[in-house]
Amino acid sequence: MAGEDTAVKVRCAFIDASAQSGVLSLDTAIVDTTDTKFTMEGKVGFGNESLDLVVKAHPKDFSIFALRAPLIIDGTFKTPKLHPSWGGLLARGAAAVALGAIAPPLALLALIEPGVGESAFCPLEEE
């Protein structure tokens, strides 16, 4: 947000899904970049054209002031809705308030992203 846009290399992407009665279930879905690994789970209903997906980011680098939460994609094909998982954001906010009540600088601990996301196994990746 504060600087220039930078391109992030996609290392690999993988989707393992099964379909039954017009519903596509994502068993495994991964997009691995040099910076973050994204996982996705959920279902896509082709009969009623519905979406019920959750995308989670697993950063590989340390960040301060991170308010990461899973991204929810729901609604229909025609009018998809994208919004954060409010429960995840509220939990981080509550932790910041509780830690801040003990000692104000401790509130920052709830906003730190340790960056422990691991790279996905990419068998066709060039070395």
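Rule-based calculations on the coordinates, nothing more; no lab input. Note that this is a predicted model, so its numbers are computed, not measured. As a convention, Cβ positions derive from the backbone with ideal geometry for all residues, glycine included, and neighbour counts pool all protein chains shown.
Summary table below
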read-out	value
Charge tally in the Cβ shell below 13 Å around A19, where Lys, Arg are +1 and Asp, Glu are -1, A19 excluded	-1
Most to least packed among 70-81, 31-42 [average Cβ atoms within 10 Å]	31-42, 70-81
Cα gyration tensor, region 10-85 - rounded (a/c under 1.5), prolate or oblate	oblate
